[in-house]
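Trainee: Before we start, here is the structure in question, set down as structure tokens.
The values are calculated or read from the model by the stated rules, or taken from the named source; none is laboratory data. As the structure is a computational prediction, the values presented were derived from the model and not from experiment. FYI the Cβ positions are ideal-geometry reconstructions off the backbone, even for glycines, and counts take in every protein chain you see.
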């Protein structure tokens, strides 16, 4: 008996801006990225925003981060998301459509 | 002097096993005066008993899923252990490959055009078990295309006379024409807090929340940007990190017949209350034991 983990996405429940913990944000305790932005596919520590929108005290812990897919003005994909979202990081038929309950047309 | 005597050829010893069994279910209390009207008594008793049975069945399903999610192995771990290419790697490298497999599993039923086939192929790579049954979360659009309905039969055991075993079928199973898997749907429990005309789905037994961080970019000069999936519009902040809380569900792949969970339902007795002779109490009991897999002797099997 095996669990196929997280193979079906129900939807997004929240989207929150976070900040990597680094000296520039007044939080130098990130052992992975030091003072640089975390590289796609690596782990980093993140903090939530304070009242001013800057890096706050709330820690989100250690998480992997990936570069989001990038699209031109016409919506054509320029670079993909190489993380777990994969081809679901797209404007139409992607994560937002799934959250809205729309049946997704799959793309291999 | 040593005693000379034939050795004992047979030795019988009782094995004592201590287990914790959890009781579920409430007592059915009846007014014995209603026995003057046997039909009404039977109707009321059956009404109460059927409600108890449905509540116990729902609890049993919840316990079963909880045991599976807590104790069974996850595919991305098993696939790293099963691949000889990873055998000589150190723990960090194996963890990286496990992460890659986790990424591939994520949203597999929506990312790939043949999601069920992809899952089957990965499971075959990860284990030698002859998998034939797959439980997927409700909403998996793919199985609506499977034309062949299959009846999965459940056997309620624990009844002494095997001829009296209870079987009941499920019409929600379909057969995947490519892999031959019997695919069933796990529907989330419902709540009627908003009234019986507006049932709402609760969080399913196979669901959990996963957090992902993505770095979004915006190029004001060219109009290139990432996509904000929450608001369905272009990203507005360059080089910003966003944390997505995403509710996801898992699937379970198994061999039919594995995972016996429950016994002793119902263990029932009826008696009158000595101090209240006009009341009778029927103790409805359901107890559970831990999940066990029939394919091996382990408590959990991959």
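Trainee: Could you run through segment B:32-59 and say how many residues are in contact (Cβ under 8 Å) with a residue 60 or more places away in the chain and loosely packed, with under 12 Cβ neighbours inside 10 Å?
Mentor: So the answer is 1.
Results for (1) part of a strand (DSSP E or B); (2) under 27 Å from residue A:56 (Cα atoms); (3) more than 7 Å from chain A (Cβ to nearest Cβ), shown as yes or no for each residue.
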| site | (1), (2), (3) |
| --- | --- |
| B:198 | no, no, yes |
| B:204 | no, no, yes |
| B:208 | yes, yes, yes |
| B:211 | yes, yes, no |
| B:223 | no, no, no |
| B:230 | no, yes, no |
| B:236 | no, yes, yes |
| B:241 | yes, yes, no |
| B:247 | yes, yes, no |
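Trainee: Give me a count of the residues in segment A:72-90 that are touching a residue at least 12 places away in the same chain (Cβ under 8 Å) and within 20 Å of residue B:248 (Cβ to Cβ).
Mentor: 9
Trainee: Can you tell me how many residues within segment B:243-258 are without any contact (Cβ under 8 Å) to a residue 40 or more places away in the chain and surrounded by fewer than 22 Cβ atoms within 10 Å (Cβ to Cβ)?
Mentor: Selection size over segment B:243-258: 4.
Trainee: Can you give me the ranges of the strands (runs of 3 or more DSSP E) entirely in segment A:31-108 with at least 3 residues that are surrounded by 12 or more Cβ atoms within 10 Å (Cβ to Cβ) and at pLDDT 90 or above?
Mentor: Those strands (runs of 3 or more DSSP E) span A:55-67, A:77-79.
Trainee: Let me ask something else about it. Looking at segment A:1-19, which of its residues are over 11 Å from residue B:249 (Cβ atoms), in contact (Cβ under 8 Å) with a residue 40 or more places away in the chain and buried (at least 22 other Cβ atoms within 10 Å of the Cβ)?
Mentor: A:18
Trainee: For residues in segment B:100-117 being under 18 Å from residue B:180 (Cβ atoms) and surrounded by fewer than 20 Cβ atoms within 10 Å (Cβ to Cβ), which is farthest from the other protein chains (Cβ to nearest Cβ)?
Mentor: B:117
Trainee: Out of B:101, B:95, report the one residue that is part of a helix (DSSP H, G or I) and over 24 Å from residue A:98 (Cα atoms).
Mentor: The conditions single out B:95.
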